[in-house]
Amino acid sequence: MSFDSAEFRRVLGSYPTGVTVVTAQCVDGPAGMTVGSFASVSLDPPLVSFCPASTSTTWIRMSKVGSFCVNVLGADQLDICTTFASEVPDRFDGLSIRAEITGAPVINGCLAWIDCETYATHDGGDHSVVIGKVVGIGTESQSEPLVFLGGNFGTFAEL
């Protein structure tokens, strides 16, 4: 290869992504993590994907549940993004949540939520590729989305 991991990260950082928090209701309580690799996969059946680091202790806990919820964050929820990307012991402390079909936490006030049953998990190098079958969806807010680009957070600007 004519590039290293730093160059790979820099180049891929040119592509903007939305910001989500993926949650699950684990046996020992709720778990969640910030994820920027969320994508739609299929309309029929309705499938979505995300890619957690294979070594993530949060993902290791969540992977045993068999279901999860993708919470799409708004620009006013950067604090939630940073909390769920940190090592804070109780990431849900003070957060208003509820459960929908799978029992995974839905963050009240997020832009949208996508409740899923785990459909498949694949090896993706140093990450896992998780495919979820969508069993419930909804919107919560009409605020601007939280966007990540080039190592920075921002919002969407219409042309």
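The values are calculated or read from the model by the stated rules, or taken from the named source; none is laboratory data. Predicted, not measured: the structure shown is a model, and the values here were computed from it. We place every Cβ from the backbone using ideal geometry, glycine too, and count neighbours over all the protein chains shown. Please note that ligands, DNA and RNA were not included when accessible areas were found on the heavy atoms of the full protein model with its side chains. Shrake-Rupley method; radii C 1.70, N 1.55, O 1.52, S 1.80 Å.
Which numbered condition trips up Ala39, out of (1) open to solvent by 50 Å² or more (accessible area, probe 1.4 Å); (2) modelled with pLDDT of 95 or more; (3) of a type in the set (Gly, Ala, Ser)?
Every condition holds for Ala39 apart from (1).
Could you grab the pairs with beta carbons closer than 9 Å, sequence gap of 6+ or different chains, first residue in segment 119-130 and at positive phi, second one not charged (D, E, K, R)?
As it stands, the answer is Gly125/Ser54, since those pairs meet every condition given.
Can you tell which of Gly74, Gly36, Gly109 is in contact (Cβ under 8 Å) with a residue 12 or more places away in the chain, of a type outside the set (Lys, Arg) and at positive phi?
Numbers: Gly74 fails: at positive phi; Gly36 fails: at positive phi.
Of Gly74, Gly36, Gly109, the one residue that is in contact (Cβ under 8 Å) with a residue 12 or more places away in the chain, of a type outside the set (Lys, Arg) and at positive phi is Gly109.
Tell me which strands (runs of 3 or more DSSP E) are completely within segment 67-159 and hold 2 or more residues being modelled with pLDDT of 95 or more, more than 16 Å from Val41 (Cβ to Cβ) and under 14 Å from the mean Cα position of the chain (by Cα), or say none if there are none. Give the steps one after another, and end with the answer.
Numbers: elements: 67-72, 97-99, 105-107, 112-124, 127-139, 146-149, 152-155.
Per the criteria, 67-72, 105-107, 112-124, 146-149.
If you check Glu140, Glu158, Glu144, which single one turns out to be open to solvent by 80 Å² or more (accessible area, probe 1.4 Å) and either of a type in the set (Val, Ile, Thr) or in contact (Cβ under 8 Å) with a residue 12 or more places away in the chain (or both)? Show your work before the answer.
On the way: Glu140 fails: open to solvent by 80 Å² or more (accessible area, probe 1.4 Å); Glu158 fails: either of a type in the set (Val, Ile, Thr) or in contact (Cβ under 8 Å) with a residue 12 or more places away in the chain (or both).
None of the others qualify; the one that does is Glu144.
Considering only segment 21-36, state which residues are open to solvent by 50 Å² or more (accessible area, probe 1.4 Å), more than 13 Å from Asp90 (Cα to Cα) and not aliphatic (A, V, I, L, M).
The one that is open to solvent by 50 Å² or more (accessible area, probe 1.4 Å), more than 13 Å from Asp90 (Cα to Cα) and not aliphatic (A, V, I, L, M): Gln25.
Here are the criteria: (1) out of contact with any helix residue (DSSP H, G or I) (no Cβ under 9 Å at 6 or more places or on another chain); (2) without any contact (Cβ under 8 Å) to a residue 60 or more places away in the chain; (3) within 13 Å of Val21 (Cβ to Cβ); (4) of a type in the set (A, V, I, L, M, F, W, C). Tell me which single one Ile101 does not satisfy.
Condition (3) is where Ile101 drops out.
Among what's in segment 54-79 and is open to solvent by 10 Å² or more (accessible area, probe 1.4 Å) and small (Gly, Ala, Ser), pick the residue that is farthest from Thr23 (Cα to Cα).
So, considering only residues that are open to solvent by 10 Å² or more (accessible area, probe 1.4 Å) and small (Gly, Ala, Ser), the one farthest from Thr23 (Cα to Cα) is Ala75.
So how many residues does segment 80-97 have that are open to solvent by less than 60 Å² (accessible area, probe 1.4 Å) and either of a type in the set (Asp, Glu) or in contact with a Cys (Cβ under 9 Å, 6 or more places away or on another chain) (or both)?
Here the count works out to 1.
Of the residues Phe50, Phe92, which single one is more than 25 Å from Gly124 (Cβ to Cβ), in contact (Cβ under 8 Å) with a residue 24 or more places away in the chain and among the aromatic types (Phe, Trp, Tyr)? Please lay out each step first, then the result.
On the way: Phe50 fails: more than 25 Å from Gly124 (Cβ to Cβ).
Criteria check complete, one pass: Phe92.
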